[in-house]
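Undergrad: Can you read through this structure? Questions will come right after.
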Amino acid sequence: MRLRALTKVSSLLIREGNNRMDLEPQKVVDEILNPILNKLYTSHTKAVDYKSPEELKQIIDFSLPDQTTSIDLKDIKQLIQNTFEFTPSTQHPFQFNYLYSKPDFVGVLGDWIISLINSNVHTYEASPVFSMAEVELIKNLAAIVGLGEDADGIFCPGGSYSNMMAVFLAKNRCIENEDIKEKELVIFKSEQAHYSIDKAATLLGIKPDNICRVSCDKKGRMQIRSLRRQIEGCLSADKKPACVCATSGTTVLGGFDPLDEISEALSDYGRIWLHVDAAWGGAVLMSAQHRHLMKGIERADSMTWDFHKALNAPILCSAFLVRSAISIKSMFHVYDSYLFHDSEPLRQYDLGRKTAQCGRRGDAFKLWLMWKVRGRSYFESRVDKSFKVTSEAIKLIKERTAFWLYDENPAFWNVCFYFVPEHLRHKDGIKACSEREKLELQAITKKLYKCLNKDGRVLVNYAEINGDPPFLRLIFGNPELSSEQIKDVFDIIESTGNIII
Ligand SMILES: Cc1ncc(COP(=O)(O)O)c(C=O)c1O
């Protein structure tokens, strides 16, 4: 990489041995970035090297100096090396904890470009290329979803923010209607929907009592009968059902709510905004084979779709899509003239008009670049391969008596299971366990989670739903995993389990 042109504008005084010198961008690339990149893709030591805050303080000096006269190059390198070393590695093939993993490198390049250009994507004048790339993306995404000609959207700083936009629009639509202006507004979500919906509702002034939790079936899907009951309860209390937040790809089980059935049910109760939080599961729309999981999505009023999760754009990259462009374009009527010079309120490329933010990062650009370089079929093949990897993992779990799957046939890439001690293995799953045995499984899962993460070879998570004991949750979103690697992972988990009991 040649970055001489930037040398004079951005340099940092450093010391190398006894010589003081400038840390030029080219030097940053040669001395710091290249070694990191070489190491990042060639060596995989631990997935996690956990340190407590006290331990980390002993390793990294977090204090900030008054003077910035000079710093050793080797100190900078060490600092960066430590930052990598003590952050759970998303590059590592055995990282199964998070809904995100190794970022796509074209996306990383896009991210660097965004930082180097350092412009705000609020007006066309400030960021013409980023703005046009984002508009093109929104058009393509809305077409994939099937939201129709009038669709629109905006990229948001994360799925939680996108969900907040949905609750805001739903609330706005109710407030505009004179007949229900005075009524209390109610939001419905499944009991397994993400907590960002509750946060959004709370931030937007919905009372906690008016955030209704609809029960789910065993696979984490919203139950229609329960939804109907809750809506009817709300109506008989003379409140207004403002929004149903369905989920495509729940965080713990990867459940997909039945969107067609939900829309059908809602049509019996007048106008209720249907939002679909597909932050995690939206990726299935890229696949001809798997998009049936979101059948009915074209009937939604809005949708959240995070590309930094299942499709590996670097964090953050979240699209918020709406079926009716006017709903998002008219959501804010405050445009300061220092920024929005043009009086025409609906200028297509002034994206700052469609969000509560002023400053906006060009997060859409990294996805646009990924798509441009790799083509849409790349996303489809990633998704299809990850489903195959997950099937392989399920098959391998079923072959072992030491594991019980929580859901024998998960819809998505969330694989949830128990490590079972020898004396319980003859039992017919968790439902056949006594309360005492359930407590034993609870203790084992928690201990196993701690031991695995301390050991560091495999990074996993655990979760708990339906009042059942907590289970291990592994996310199989890495399409590059081989059968041998998956087998190694289960060997590590099983042998660690056998040691701790
Ligand atoms: C289903 C779902 N929705 C929303 C979110 C929030 O997304 P973000 O972390 O981008 O705010 C998450 C996060 O895991 C999620 O799983």
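The values are calculated or read from the model by the stated rules, or taken from the named source; none is laboratory data. Quick caveat: nothing in here was measured; it's all calculated off a predicted structure. When we count neighbours, we look across all protein chains shown, and the Cβ atoms used for this are built from the backbone with ideal geometry, even at glycine. Remember, those area values only see protein heavy atoms, side chains included, never the ligands or the DNA or RNA. Shrake-Rupley method; radii C 1.70, N 1.55, O 1.52, S 1.80 Å.
Undergrad: Using 21 Å as the Cα-Cα cut-off, could you pick out the over-long pairs in 309/329; 171/329; 139/354; 27/372; 199/240?
TA: Beyond 21 Å: 309/329; 27/372.
Undergrad: Right, another one. At what distance in angstrom do the alpha carbon centres of the range 419-445 and the range 110-135 lie from each other?
TA: Using only Cα atoms, the two centres lie 54 Å from each other.
Undergrad: Further question on the same structure: Express in % the proportion of alpha carbon pairs of the range 119-374 at distances exceeding 23 Å.
TA: Details: 15843 of 32640 pairs.
Summing the P(r) tail past 23 Å for the range 119-374 gives 49 percent.
Undergrad: To the nearest 10 square angstrom, how much accessible area does residue 112 have with a 1.4 angstrom probe?
TA: About 80 Å², ignoring ligands and nucleic acids.
Undergrad: Let me ask something additional. Which log10 I(q)/I(0) values does the range 223-320 give at q = 0.10, 0.17, 0.18, 0.24 Å⁻¹ under the Debye formula, counting every alpha carbon as one identical point scatterer?
TA: -0.29, -0.76, -0.83, -1.23
Undergrad: Taking the square root of 5 times each eigenvalue of the Cα gyration tensor, what semi-axes in Å does the equivalent ellipsoid of the range 388-501 have, largest first?
TA: Equivalent-ellipsoid dimensions as semi-axes: 21, 16, 13 Å.
Undergrad: Now, a different point. Given a 1.4 angstrom probe, what's the average accessible area per residue across the chain, in square angstrom? Kindly include the intermediate steps, with their values, before the conclusion.
TA: On the way: 23890 Å² over 501 residues.
The answer is 48 Å² per residue.
Undergrad: Also: Tell me what the chain gives for mean residue ellipticity at 222 nm when only DSSP H runs of n ≥ 4 count, each as -39,500 (n - 2.57), the sum divided by the residue total, rounded to 500 deg cm²/dmol.
TA: That comes out to -11500 deg cm²/dmol.
Undergrad: Kindly give the semi-axes, whole Å and largest first, of the ellipsoid equivalent to the range 287-333, taking each as the square root of 5 times a Cα gyration tensor eigenvalue.
TA: Semi-axes (√(5λ), whole Å): 23, 18, 6.
Undergrad: Tell me, what ³J(HN,Hα) does each residue in the range 488-501 have, in order and in whole Hz, if you take phi through Karplus 6.51 cos²θ - 1.76 cosθ + 1.60 with θ = phi - 60° and put x for Gly and Pro?
TA: For the range 488-501, the Karplus curve yields 4, 4, 5, 4, 4, 5, 5, 5, 5, x, 5, 6, 7, 7 Hz.
Undergrad: Taking all protein chains as present, what is the carbon and sulfur share of the accessible area of the chain, in % to the nearest whole number, probe 1.4 Å?
TA: 53
Undergrad: Which one of 161, 434, 71 is farthest out on the positive end of the charge dipole of the chain, using unit charges on Cβ (Lys, Arg +1; Asp, Glu -1) and the Cα centre as origin?
TA: 434
Undergrad: When all alpha-carbon pairs of the range 373-412 are counted, what percent fall beyond 11 Å?
TA: Result: 68 percent of Cα pairs exceed 11 Å.
Undergrad: Once the Cβ-Cβ distance between residue 356 and residue 143 is put in as r, and R0 is 30 Å, what FRET efficiency do you end up with, to the nearest 0.05? Write down the numbers at each step before the final one.
TA: Numbers: r = 26 Å, r/R0 = 0.87.
Once rounded, the FRET efficiency stands at 0.70.
Undergrad: Find the Cα radius of gyration of the chain, compare it with 2.2 N^0.38 Å by division, and give the number to two decimals.
TA: Relative to the rule-of-thumb radius for its length, the chain sits at 1.07.
Undergrad: Something else now. Return the distance in nm (one decimal) between the two label points of a simple spin-label model at residue 347 and residue 36, each offset 7 Å from Cα along Cα→Cβ.
TA: Inter-label distance under the simple model: 3.6 nm.
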